[in-house]
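The values are calculated or read from the model by the stated rules, or taken from the named source; none is laboratory data. All of these numbers come straight from a predicted model, not from anything done at the bench. For neighbour counting, all protein chains shown are included, and Cβ atoms are generated from backbone atoms with ideal geometry for every residue, glycine included.
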Number of protein chains: 2
Amino acid sequence: MSTKASKLNFEKPLTTVDIVVFSLLENKLNVLLIKRNEDESEPYPNQWALVGGFVDVMKDENLEATARRKLLEKTGVKTAYLEQLASWGNSNRDPRGWSTTHVYFSTLAINDIQTPSSGANASDAQWFDVIDNGVATTLAFDHANILATAIHRLRSKVEYTSLPAFLMPEFFTLKELQNAYEAVLARPLEKSSFRTRMLSTDLLEATPNYKEAANRPAQLYRLKSKIDPVFFQRTFNPIK
Amino acid sequence: MSTKASKLNFEKPLTTVDIVVFSLLENKLNVLLIKRNEDESEPYPNQWALVGGFVDVMKDENLEATARRKLLEKTGVKTAYLEQLASWGNSNRDPRGWSTTHVYFSTLAINDIQTPSSGANASDAQWFDVIDNGVATTLAFDHANILATAIHRLRSKVEYTSLPAFLMPEFFTLKELQNAYEAVLARPLEKSSFRTRMLSTDLLEATPNYKEAANRPAQLYRLKSKIDPVFFQRTFNPIK
DNA sequence: ATTGCTTAGTTGTATAGTGCAACTAACTTA
DNA sequence: TAAGTTAGTTGCACTATACAACTAAGCAAT
């Protein structure tokens, strides 16, 4: 690093953190978006954007702390699966100048979410159905691109991990878990191999309870770890 | 973003880009490190660090441009496989203040590298053998941690991609490619399944030429694409 | 109570990519 | 011509998957 750099008297880029918050609503993959305020002096007024904000160098110890602070503010969720996605930074993504964002993604269990409208200032948070590689609305900044990358990463990882399990409530049946997988992947999976896969690892714990329905009751399971996903050895389908 | 934020009158973190540059030297995985200068007014004087530096908001259009600029400065390589690894940012990784780094990793073909000593100011660049999860020297900042993460990511991806192919010269034999895989993974692979895997995809192009030796000549291959790695359907070994 | 319907869960067979071991092929050197 | 070395192939076992047909457990209607 040059002497010039060491004096730090050069322009620094803006530093933000964004979180792509996924959940399952009515068995469909959803993403949480925030409506930006109407102040015309800020970029993209009134437009939908990912959850996120500036790093607060006084409050935040590290980037993940910024992400968790924002997640808590907008969803009321204290602990959740949170994984770094990637970072973006260039001269034109924010009209205010050279800007970087460190992007995380999170998969929230349905029952853990406090309705976005509950927090102060959060009435502009709303869940959007994920359709193909995005949502049915325009997004601020380069957030459409970031969201597409997050969806792609999520779908890729779902092929060989247990990530959708983090979208489930405390107790769930194998069929419900399969539904979650299918909602994320947007394609059907085969029942028997799905069950074999899920039960072949240390992912689930069977409970003695059954979910009653208008037909054969289904055994209820729970996650052994709400933090660590399980990795499978193969992806789901053969090449089509 | 708050009104306070919109005025941008708050302290911004430092923004750097680091690149973990991998190559194969004498059939061993190596990483390129730079010796920081002896100016005591800068952090970690005389210590080894990853290739990297501050984002230059005047010169660099985006983060990858910063990475490629640094890569060119230190290795003379203009085009190389470059993938984003992750980002780090916290209040204590740099004594100068809250600091973030966007980290990339690169796999360089042996013959593409101009000796580090060739560039101006680059005489302090040196290749280090990768041993276990690091190198046999102390690193500046949190670079030992970053390097360990990069090695881990590289090894993980090598289990199901063609990444080591980017470490090869223009023409190579299947045995040489297998040696590269084994150097990265630090474990032996089985010959026949390795060959089947490599030839089952669109990765390689057979040439009519053979590498002559003191015994049976080996067919020479070349990469079909020097940019896109191939993804295989499974990882290499069964669970041990 | 029996039949039919629905959903949960199992079983048997085929397939594909891998690991393993033994084999053949091509070349050099003595 | 034989021995040694490395390249490359072949056959068989193994395992996780896909697919299809099956059984199991509940409800509702008759």
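Key figures for this structure:
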{"read-out": "Unmet criterion (only one of (1) at pLDDT 95 or above; (2) not in a helix (DSSP H, G or I)) for B:ASN237", "value": "(1)"}
{"read-out": "Residue list for the stretch B:179-193, filter: within 11 Å of DNA strand D (Cβ to nearest atom) and either surrounded by fewer than 14 Cβ atoms within 10 Å (Cβ to Cβ) or within 14 Å of another protein chain (Cβ to nearest Cβ) (or both)", "value": "B:GLU190, B:LYS191, B:SER192, B:SER193"}
{"read-out": "Of residues in the stretch A:29-81 being among the acidic types (Asp, Glu) and closer than 26 Å to A:LEU163 by Cα, the one farthest from the other protein chains (Cβ to nearest Cβ)", "value": "A:GLU73"}
{"read-out": "Restricting the stretch B:199-217 to residues that are touching a Lys or Arg at 6+ places or on another chain (Cβ under 8 Å) and either near DNA strand C (Cβ under 10 Å from one of its atoms) or within 14 Å of chain A (Cβ to nearest Cβ) (or both), the residue that is nearest to B:MET168 (Cα to Cα)", "value": "B:ASP202"}
{"read-out": "Evaluation of A:GLY76 against (1) touching a Gly at 6+ places or on another chain (Cβ under 9 Å); (2) within 24 Å of B:SER87 (Cβ to Cβ); (3) surrounded by fewer than 20 Cβ atoms within 10 Å (Cβ to Cβ) (one fails), failing number", "value": "(2)"}
{"read-out": "Every residue from the stretch A:218-232 that is over 19 Å from B:GLU159 (Cβ atoms), part of a strand (DSSP E or B) and away from DNA strand C (no atom under 11 Å from the Cβ)", "value": "A:ARG222, A:LEU223"}
{"read-out": "Sole exception among (1) more than 10 Å from chain A (Cβ to nearest Cβ); (2) at pLDDT 95 or above for B:ASN111, by number", "value": "(2)"}
{"read-out": "Boolean, A:SER156 is under 22 Å from the mean Cα position of the chain (by Cα) and either more than 12 Å from DNA strand C (Cβ to nearest atom) or over 26 Å from A:THR79 (Cα atoms) (or both)", "value": "yes"}
{"read-out": "Complete set of residues in the stretch B:20-47 that are buried (at least 21 other Cβ atoms within 10 Å of the Cβ) and of a type in the set (Phe, Trp, Tyr)", "value": "B:PHE22"}
{"read-out": "Condition check for B:THR149: of a type in the set (Ser, Thr, Tyr) and either buried (at least 16 other Cβ atoms within 10 Å of the Cβ) or in contact with a helix residue (DSSP H, G or I) (Cβ under 7 Å, 6 or more places away or on another chain) (or both)", "value": "yes"}
{"read-out": "Set A:THR107, A:THR79, A:THR75, A:THR66: member being under 18 Å from B:PRO13 (Cα atoms), touching a residue at least 40 places away in the same chain (Cβ under 8 Å) and assigned by TED's automatic domain parsing to the domain that holds A:TRP48", "value": "A:THR66"}
{"read-out": "The stretch B:162-178, subset within 16 Å of DNA strand C (Cβ to nearest atom) and either assigned by TED's automatic domain parsing to the domain that holds B:SER23 or surrounded by 18 or more Cβ atoms within 10 Å (Cβ to Cβ) (or both), residue nearest to B:GLN219 (Cα to Cα)", "value": "B:LEU174"}
{"read-out": "Conditions (1) surrounded by 11 or more Cβ atoms within 10 Å (Cβ to Cβ); (2) within 13 Å of DNA strand D (Cβ to nearest atom); (3) of a type in the set (D, E, K, R); number of the one not met by A:GLU212", "value": "(1)"}
{"read-out": "Number of the condition not met by B:VAL184 [criteria: (1) closer than 30 Å to A:THR201 by Cβ; (2) near DNA strand C (Cβ under 7 Å from one of its atoms); (3) modelled with pLDDT of 95 or more]", "value": "(2)"}
{"read-out": "Among the candidates B:THR235, B:THR196, residue that is away from chain A (no Cβ under 14 Å), within 8 Å of DNA strand C (Cβ to nearest atom) and either surrounded by 14 or more Cβ atoms within 10 Å (Cβ to Cβ) or closer than 12 Å to B:LEU174 by Cβ (or both)", "value": "B:THR196"}
{"read-out": "Residues of the stretch B:215-236 satisfying the condition of being in contact (Cβ under 8 Å) with a residue 40 or more places away in the chain and either within 10 Å of DNA strand D (Cβ to nearest atom) or not hydrophobic (A, V, I, L, M, F, W, C) (or both)", "value": "B:ALA218, B:GLN219, B:LEU220, B:TYR221, B:ARG222, B:LYS226, B:PRO229, B:GLN233, B:ARG234, B:THR235"}
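Yes/no per residue for (1) among the acidic types (Asp, Glu); (2) more than 14 Å from the chain's Cα centre (by Cα); (3) more than 16 Å from DNA strand D (Cβ to nearest atom):
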position: A:ASP132; (1), (2), (3): yes, yes, yes
position: A:LEU167; (1), (2), (3): no, no, yes
position: A:PHE172; (1), (2), (3): no, yes, yes
position: A:GLU205; (1), (2), (3): yes, yes, yes
